[in-house]
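The values are calculated or read from the model by the stated rules, or taken from the named source; none is laboratory data. These numbers were taken from a predicted model, which means no experiment stands behind them. Every residue, glycine as well, gets a Cβ built from its backbone with ideal geometry; the counts of neighbours run over all protein chains shown.
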Amino acid sequence: MRSPDYYIPLQEVGKLNERRRQDLRPQVEEALTESGFGFPEELREGQFAILLRQVPTFRYEDALFILWAKRAGLTPLWLGKTNDRMAMVSPYKRSLTTMRVVTHVGNRGGVEVRRAKLVDGQVAASNGLRLSEIICDHGTDTKGRRLIDVHDERLKHFYTDPAVVDVSAGCLAAGGAPQEYYPSLLSLAVAHGVIFKDFHGGEAGRQVRLPYAQRTFEPAFQEVRERFRVEPLVVRFPWWKELTYYPGATLSAEISPFCHSWALREEVVTPAITF
């Protein structure tokens with residue numbers, strides 16, 4: 001199976017409403033409970049757009065995620081895993097320690113960006129710290145606080161009462177290795193939600209992500225498909241560098257200034273959803 005076949009376009013998220021999928025909800029919940037991973041109670045009722053990020057925060061990526069979720073009629077939900085260890089090879093984890101904050105957006109979409117360092121990520125990585133153990137050592141308002149609390153506050157500043165689930169304990173109970181817990185993660189996209197992520201590219205880039213996807217995501221995808229007789233629903237989330245930026249506290253989280261052209265704005269920001 002080629003990698004594009006693992007994804008559905010945003011316009012097809014209505015597949016989640018198929019009767020055969022909704023009839024699978026009890027089976028998925030039972031399977032995850034029996035596996036030790038556990039079924040997150042937050043997903044028991046409703047249909048969700050799921051963003052997988054070790055530490056939920058709010059960047060322009062999250063603004064686009066919320067927009068897509070709402071256009072699809074889904075509730076945005078951040079699935080975190082804060083017991084991951086800090087690693088400087090991960091662009092996302094680096095961005096958690098030193099944020100690129102937008103201080104001004106021009107009329108034509110140009111931006112002014114400053115770096116806001118929260119903690120020395122290299123030191124945290126060298127000490128083998130888990131993300132949940134990192135204490136900020138920079139910033140007037142952040143020094144002495146847990147890194148994950150700072151980012152949780154940022155998410156809540158821009159999006160009131162977000163749905164956030166930390167699956168650290170479940171992943172550990174499932175074995176701890178990605179190859180062991182990925183089937184459980186993807187099972188959440190059988191009947192309860194849709195995962196928004198590019199497992200073969202995205203922020204880390206295709207050269208890094210492709211081998212990882214072949215070892216973890218693709219076998220898990222096939223395992224879930226064989227078990228439930230339907231494919232997990234995954235939307236390939238778009239990516240460009242401005243999505244790594246954090247909006248300044250006094251700025252709007254409006255995503256459209258960061259689209260590079262009107263064509264991209266129409267395609268990415270305002271896709272037509274059909275059910």
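Just a few scattered comments:
- Helices (runs of 4 or more DSSP H) enclosed by the stretch 75-182 - at least 3 residues per element that are β-branched (Val, Ile, Thr) and at positive phi: none
- Output for the stretch 210-220, where each listed residue is crowded, with 19+ Cβ neighbours inside 10 Å and farther than 16 Å from residue 187 by Cα: 213
- Selection count, the stretch 76-89, where residues are surrounded by 18 or more Cβ atoms within 10 Å (Cβ to Cβ) and touching a residue at least 60 places away in the same chain (Cβ under 8 Å): 7
- Test: residue in the stretch 184-206 that is under 17 Å from residue 43 (Cβ atoms), surrounded by fewer than 16 Cβ atoms within 10 Å (Cβ to Cβ), within 19 Å of the chain's Cα centre (by Cα) and modelled with pLDDT of 95 or more: no
- Residue match in the stretch 116-126 (condition: of a type in the set (A, V, I, L, M), farther than 23 Å from residue 61 by Cβ and either at pLDDT below 95 or within 24 Å of the chain's Cα centre (by Cα) (or both)): yes
- Any hit, the stretch 60-81, residues being of a type outside the set (Lys, Arg) and farther than 19 Å from residue 235 by Cα: no
- Yes/no for residue 203 being without any contact (Cβ under 8 Å) to a residue 12 or more places away in the chain and not aliphatic (A, V, I, L, M): no
- Cβ pairs under 7 Å, 6+ apart, first in the stretch 122-136 and in contact (Cβ under 8 Å) with a residue 60 or more places away in the chain, second surrounded by 15 or more Cβ atoms within 10 Å (Cβ to Cβ) and not small (Gly, Ala, Ser): 131/54; 131/55; 131/82; 131/84; 131/86; 131/147; 131/148
- For the stretch 1-30, the set of residues classified as farther than 24 Å from residue 214 by Cα and of a type in the set (Gly, Ala, Ser) consists of 14 only.
- Taking the stretch 221-237 as the range and being buried (at least 20 other Cβ atoms within 10 Å of the Cβ) and out of contact with any strand residue (DSSP E or B) (no Cβ under 9 Å at 6 or more places or on another chain) as the test, only 224 passes.
- Set 199, 221: member being of a type outside the set (A, V, I, L, M) and part of a helix (DSSP H, G or I): 221
- Residues being in contact (Cβ under 8 Å) with a residue 60 or more places away in the chain and charged (D, E, K, R) are represented in the stretch 60-68 by at least one member.
- Number of the exception - residue 118 against (1) over 19 Å from residue 203 (Cβ atoms); (2) touching a residue at least 12 places away in the same chain (Cβ under 8 Å): (1)
- Flag if residue 232 is at pLDDT 70 or above, under 19 Å from the mean Cα position of the chain (by Cα) and closer than 24 Å to residue 33 by Cβ: yes
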